[in-house]
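K.L.:
Quick one: the structure is below, and I'll ask about it shortly.
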Amino acid sequence: MKIDVEHIARLARLGLSDEEKKLYGEQLSRILEYAETLNKLPTENIAPTTHAIPMKNVLREDRMVPFPDIEAIMINAPQEESNMFLVPRIME
Amino acid sequence: MHSKYETVIGLETHAQLLTESKMFCSCSTKFGSKPNTNICPVCTGQPGVLPVINKKAIELAIKTAIALNCRIEKMSVFARKHYFYPDLPKDFQVSQYELPLATGGFVEIEVEGKKQKIGITRIHLEEDAGKLVHKGAARIMGAGESLVDYNRTGVPLMEIVTEPDIRSPLEAKVFMETLQHLLQFIGVCDAKMEEGSLRCDANLSLRPAGETKLGTKTEVKNMNSFRAVLKALEAEEKRHAEVLNEGGKILQETRFFDDINETTIGMRSKEFAHDYRYFPEPDLVPVEPDHQWIETIKNTLGELPEAKSERFFNEYSLAAGINKILISDKLKADFFERTVKHFNKPEMIANWIIGDIAAYLNENKKSINEISLTPEKLSEILKLIDNGTITGKIAKNILLEVLGTGKTVQDIIKEQGLTQISDEGELVKIVGDVIKNNPKQVDEFKSGKDTVIMFLVGQVMKASKGRAKPDKAQELLRKALG
Ligand SMILES: [Zn+2]
C-alpha cells in the first residue's frame, strides 16, 4: 500500500531524512495492510462502534477545583513573559 | 441590494456555556483572571491525563437544542480535530464531528415585519482555545512574537450551525440578535458579542437570481458586534457582486473583517489545505441522553420568549412596545410578574420597571435580581401612589433611596417625613402663603378664570415639597378664596 510519507510528516510537523522516509513508509504500509484484514470480515449487520469499551455517559458534576501546582506547568514554557508562554512569529 | 444576484448566507456561531468549570477538567471558566491561573494538566494537554465531560455543559446544550427545535441525537461522540496553533496546547481540539449532540432545528426571526424560519443544521459541543496576545502589533500580522494565555483553553463552547437560509446581511444580524436573546433568556450563555461569549463566522456566496446552485463562498471572520456582522457582510456582498459583474471568479478563502475601514481582507495563510484527521476521542465515551434526562431538562426550560410575549399581551394587556422591552430581559419579566401578584396594576408596574428602574440598572451595570429592590418593596411604593399617600415624584425619590441604601420603604418615609400632610392646619398655612405670594393669579381666579386654580394647586404642591394631597389642596384653596 502506497503512503504519502512526506504529507503525513508535514501534518505532524516532522522533518524526516530520506532514510527515515523510506523506513517509515514501509512500516506504515505494513500497518495499513494489517488493518486491511478487517475488511475481509462481514460487518454489514454490525453497528459501527467508536470505542472499544461498552460504556456511555461518563460525566462529572460542574464543580470548580483549582489545580494546586501551576508552576509545574509553567516550567514547560521554553520562554515565559508576564506569566504567559512566549511563542515565535505565527504568520509570515 | 443588487437585484441581479441572490445572496446566500450561513452562520457558524459559538456560544460559551455558563458553567463554573471547564468542559473536560475542573479549572475555573472565570473571565478576566490573571494569565495562566486557571490551567491544569488536562487542559494544557499533559501526557497521561484523563478528561471527563462536564455534565452541566451537556445539559445546557440539550436545553438549547430543545429551545431551537432540534432533534437530540441518541448518541453523540467527541472527536479530536488536529491542527497546530500556539493557542492549542494539545495540538488537537476536542469537538464533535460525525455525531453531533443535536441536529435539524430552526429559529424564527422577524425582519421588517416579516417572519421567517432559519434552519439549524446542528449543535455540537467543543472546547475553546487559548488567547494570544501579539507583541508589537494589534493584529497577528506584523507581530514578531506572541504570548499565550491558556485560561480559556477547554472552556465549553456550543457551536450552532445554520442552514444557508439567510438572504441578506440584515437577516444575519437579526438572526444573531434573536439567538442572543434566546440564549440569555434560557440562561445557557451570557451571549455578549463584544466580550466574545457569543461569536460568529459567516459563509457568504452570491448566485444569479433564480439559480438554485450555490455560488463560490467565502468565509468571513472577526465580527465582534451585531453592527460588525451587518457591515462585514454588506462589504463582502458588495465585493462578490463587483467581482462577478466584471466577469471575475470568487476565490474560496477566509476573509477577515477590518472594522475600521469596513472592508474584508483575504488572509493568506502558510497553512496548506485543512486536513484535520478527525477521529473519535478515545478518552471520552459516547453521550447517550435518555428520554427521562431530556424530559428533566425540558422542564427547566420554562416559557420561551415568544410564548411569554403572547401571554403577557393576553394577561396584562400591555402595549406591544412595553411588552417587547419587558420580555427582552427574563429577570425583569419575572420581577414584573411577581410584583403584579402583590399589586394588580400591570401597566403601572411595567412602566416603572422599564423606566426608572431600568435606568438605574443600566447606570450601575446590574441586573434586577442584584439590587435591594424587591417586588414587595416596589408594590408597596406603587400602592402608596395609588392611594394618594405620596406623589409620583416622591415615589421616585423613595425608589432611589431603596435602591441606594436597601432601607425599607416605611423607614425612608418616616425618616424623611415624606407622607402626605394629614394635618389640615399645616396645609391651611401653606395655602395661606400661596394666596399671599400669588396676588395676580388670585385676582384672575376671582374674576372668573377658574382654570387658574390648577396653577395655585401646583404652588401648594411645590411649597409642601409634594407632600400635599392635590384634591385636598384644591378644596382648601377654593374655601379660602370663595
Ligand atoms: Zn484544566
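K.L.:
What does the helix-only formula give at 222 nm for chain B: each DSSP H stretch with n ≥ 4 adding -39500 (n - 2.57), the total divided by the residues, and the result rounded to the nearest 500 deg cm²/dmol?
P.N.:
The helix-only estimate for chain B comes to -12000 deg cm²/dmol at 222 nm.
K.L.:
Here's a follow-up. Let me know the mean shielding of A:66-74 by other chains, meaning the per-residue number of their Cβ atoms within 10 Å of its Cβ.
P.N.:
Whole-number average of other-chain Cβ neighbours for A:66-74 is 5.
K.L.:
Moving on to the next point. For region B:272-336, which GluC sites (Glu not before Pro) are in a loop by DSSP, counting at most 16 other Cβ atoms within 10 Å?
P.N.:
Passing both the DSSP loop test and the Cβ count: B:E303.
K.L.:
With a sphere of radius 12 Å drawn around the Cβ of B:Q96, what net charge do the other residues whose Cβ falls strictly inside it have (Lys, Arg +1; Asp, Glu -1)?
P.N.:
Local charge sum for B:Q96: -3.
K.L.:
Quick one: Kirkwood hydrodynamic radius for region B:424-481, alpha-carbon pairs, angstrom, one decimal?
P.N.:
Evaluated on region B:424-481, it is 11.0 Å.
K.L.:
How large a share of the accessible area of chain B, in percent, is made up of carbon and sulfur atoms when the probe is 1.4 Å and the other protein chains stay in place?
P.N.:
Carbon and sulfur together cover 51 percent of it.
K.L.:
For a test of the definition: using alpha carbon positions, the gyration tensor, and the 1.5 limit on a/c, classify region B:5-292 as rounded, prolate or oblate.
P.N.:
oblate
K.L.:
With no solvent and one point per C-alpha, what does the Debye sum give as log10 I(q)/I(0) for chain A at q = 0.14, 0.17, 0.22 Å⁻¹?
P.N.:
Debye curve over Cα of chain A, log10 I(q)/I(0) at q = 0.14, 0.17, 0.22 Å⁻¹: -0.99, -0.97, -1.08.
K.L.:
If you look at just the Cα atoms of chain B, how large are its Rg and its Dmax in Å?
P.N.:
My reading of the Cα-based Rg and Dmax gives 30.2, 99 Å.
K.L.:
With every protein chain present, what is the per residue accessible area of the protein assembly as shown (1.4 Å probe, Å²)?
P.N.:
Value returned for the protein assembly as shown: 53 Å² of accessible area per residue.
K.L.:
Another question, then. Which distance in nm do the two modelled labels at B:F313 and A:E36 give, with both placed 7 Å along the Cα-to-Cβ direction?
P.N.:
6.7
K.L.:
Also, I was wondering about something else. Only Lys, Arg, Asp and Glu count, each charged at its Cβ (+1, +1, -1, -1), so figure out the dipole size of the protein assembly as shown about its Cα centre, rounded to 20 debye.
P.N.:
The calculated dipole for the protein assembly as shown is roughly 1660 debye.
K.L.:
Net charge near B:R80, counting Lys/Arg +1 and Asp/Glu -1 over other residues with Cβ under 14 Å of its Cβ? Please list the in-between numbers first.
P.N.:
Numbers: positive: B:K81, B:K90, B:R277; negative: B:D91, B:E98, B:E126, B:E127, B:D275, B:E281, B:D283.
With Lys, Arg at +1 and Asp, Glu at -1, the net is -4.
K.L.:
Angle between the Cα long axis of helix B:375-386 and the longest principal axis of chain B, 0 to 90 degrees, nearest 10?
P.N.:
30
K.L.:
Just flag the trypsin sites (Lys or Arg not before Pro) in region B:228-262 sitting in loop per DSSP whose Cβ has no more than 10 other Cβ atoms within 10 Å.
P.N.:
Numbers: sites: B:K231, B:K238, B:R239, B:K249, B:R255; in loops: B:K249.
When the trypsin sites (Lys or Arg not before Pro) of region B:228-262 are filtered for loop state and at most 10 Cβ neighbours within 10 Å, B:K249 remain.
K.L.:
Just to confirm the number: angle between the C-alpha axis of helix A:18-36 and the first principal axis of chain A, 0 to 90 degrees, nearest 10?
P.N.:
60
K.L.:
Which whole number in µm²/s is D for region B:27-146 by Stokes-Einstein, with the Kirkwood Rh taken over Cα pairs at 20 °C and 1.002 mPa s?
P.N.:
This corresponds to a translational diffusion coefficient of 124 µm²/s.
K.L.:
How large is the convex hull of the Cα atoms of region B:303-416 per residue, expressed in Å³ as a whole number?
P.N.:
Convex hull volume per residue, Cα atoms: 97 Å³.
K.L.:
May I pose another question? Mind listing which GluC sites (Glu not before Pro) in region B:70-155 are in a DSSP loop and have 12 or fewer other Cβ atoms within 10 Å?
P.N.:
Here the sparse-neighbourhood loop sites are B:E98, B:E112.
K.L.:
Could you work out Rg/(2.2 N^0.38 Å) for the protein assembly as shown, with Rg from alpha carbons only?
P.N.:
On the way: Rg = 32.4 Å, N = 574, 2.2 N^0.38 = 24.6 Å.
Taking the Cα Rg and dividing by 2.2 N^0.38 Å, one obtains 1.32.
K.L.:
Summing both sides, how much accessible area is buried between A and B? Use a 1.4 Å probe and give Å² to the nearest 100.
P.N.:
Counting protein atoms only, the buried area is about 4300 Å².
K.L.:
Mind checking the angle between helix B:226-245 and chain B's longest principal axis? C-alpha axes, 0 to 90 degrees, to the nearest 10.
P.N.:
50
The values are calculated or read from the model by the stated rules, or taken from the named source; none is laboratory data. Since we're looking at a predicted model, the values are computed, not measured. Cβ: placed from backbone, ideal geometry, glycine included. Neighbour counts: every protein chain shown. Ligands, DNA and RNA are stripped out before the accessible areas are found, and what is left, the full protein with its side chains, is counted by its heavy atoms. Shrake-Rupley method; radii C 1.70, N 1.55, O 1.52, S 1.80 Å.
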